[in-house]
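Structure, as C-alpha cells:
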Amino acid sequence: MPLDLSARHAVCRSCPATIVWAVSSNGENIPVDYNADPAKGNVLLQLDRGQLVAGVLTGPKLAAARAAGAELRTAHFATCPNAASHRRPR
C-alpha cells in the first residue's frame, strides 16, 4: 500500500523540488525526494508511531526491495543541484 505523504510535503529551500522530511536511523532529519524512483531510489520510508522514518537500503536488502516493488525514494542530497551549500563542515 503506497504511503500517503500529501500532508507532509515541503519545498527545498534552494531548488524547486518537492521533498519530505524524515528521520534517519541515527536520529538526524533527512530531506527525501517526494516522488518515488524505483530505478535509482534506495530510501524506504515508513511511518513509526506517526513519525516518518527513512531507512537507507544497500546490497541484498536493496535488491529485495526493488524486486518486491517497494516504493523507494532518493535522499534529496543526491539530487539537489545546490546540495553542497547545505552540507555541514567536518
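The values are calculated or read from the model by the stated rules, or taken from the named source; none is laboratory data. In this text the structure is predicted, and so the values were computed from the model without any measurement. Surface areas here come from the heavy atoms of the whole protein model, side chains and all, with no ligands, DNA or RNA. Shrake-Rupley method; radii C 1.70, N 1.55, O 1.52, S 1.80 Å.
Please work out how much accessible surface T74 shows to a 1.4 Å probe, ignoring ligands, DNA and RNA, in Å² rounded to 10.
Only protein atoms counted, so the area is about 20 Å².
Figure the gain on full extension for S14 and V53 (residue separation times 0.36 nm, minus the Cα-Cα span) and round it to one decimal in nm. Working shown, then result.
Numbers: separation 39, 0.36 × 39 = 14.04 nm, distance 2.31 nm.
Value of the extension gain: 11.7 nm.
Per residue, how many Å² of accessible area does the range 7-56 show with a 1.4 Å probe?
With all protein chains present, the range 7-56 gives 63 Å² per residue.
Quick check: residue separation of A64 and F77 times 0.36 nm, minus the Cα distance between them. What number comes out in nm?
2.3 nm
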